[in-house]
Amino acid sequence: MNVNLKMKSKIFTFIFFLLIIQNSFSQKFDLGIKSGSNFATQNIKSISGTKSITGLHVGVFTYIKLPLIFGIQPELQYSTQGTKINSSTIRSINYLNVPILVRSSFGPMNIHFGPQFGILTGAINEVSGIPTDIKDKFLKRDFSLVLDVSVEPVDRFIFSVRYVKGLKNISDDDPFANDTKNTTFQFSFGYVLIRIKDKNSKKTQTNE
């Protein structure tokens, strides 16, 4: 119960912080939802030939356009990842990911880059259809770099392609392998629920 209260407190503090920034000096503020497919794999030092598996991600994002040439896009998403080790073994790992990205806009197209912090929520190793919980064999945190290209062809509708490269070894306690890092390609569809623009901003900034 105390853990849940601490998590809720952190989320509310995060949202409050974003609202303060938006009201103080942002030129534009977006709040939206996103979802899509994951094509995830793991680079495992002791195992060669791992293959990708298909998962999903779903979450929320906010964009804060600063009075500069870029803005900040924090996100919160639930993501199913993992890898196919061989023909009979599939490893599924779930994360609550928090990307904090720098975003630059070029008309309807946007480029995002920045770190992503992951919190492990579950891990299953399935051999010949028989699942085994292996959550306690992995580190509880992950750290990655994100590169994303997005386009907004119609107002508020966003399509994006994202590459997420894990930099942290997550398998220090994993008896099956060592030096394991996550890699994920994401294809997303998003929709902006709330969009607030600074009345003093120029009309030419509407696509930022």
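Working from label points 7 Å from Cα in the Cα-to-Cβ sense, the Leu147 to Phe113 distance is 0.9 nm. Summing Lys and Arg as +1 and Asp and Glu as -1 over all other residues whose Cβ lies under 9 Å from the Cβ of Pro99 gives a net charge of -1.
Electrostatic tally near Ile111: other residues with Cβ closer than 9 Å to its Cβ, Lys and Arg +1, Asp and Glu -1, net 0. Shown for Ile158, Ile194: other C-beta atoms within 10 Å of each C-beta, ranked fewest to most, produce the order Ile194, Ile158.
Among the listed pairs Lys165/Lys197; Lys135/Lys181; Lys45/Lys168, those whose Cα-Cα separation exceeds 23 Å are Lys165/Lys197.
Going by how many other beta carbons lie within 10 Å of each one, how would you line up Lys51, Lys65, Lys137, fewest first? Please list the in-between numbers first.
On the way: Lys51 12, Lys65 23, Lys137 17.
Ordered by Cβ neighbours within 10 Å, fewest first: Lys51, Lys137, Lys65.
Among Ile119, Ile47, sorting on how many other beta-carbon atoms sit within 10 Å of each Cβ, with the fewest leading, yields Ile119, Ile47.
If eta is 1.306 mPa s and T is 10 °C, what Stokes-Einstein diffusion coefficient results for segment 60-123, Kirkwood Rh from Cα pairs, in µm²/s? Can you show the working numbers first?
On the way: Rh = 13.7 Å.
After rounding, the answer is 116 µm²/s.
Readers should treat all values here as calculations from the given coordinates under stated rules, not as data from a laboratory. This one's a predicted model, so the numbers in the text were calculated from it and none came from an experiment. As a convention, Cβ positions derive from the backbone with ideal geometry for all residues, glycine included, and neighbour counts pool all protein chains shown.
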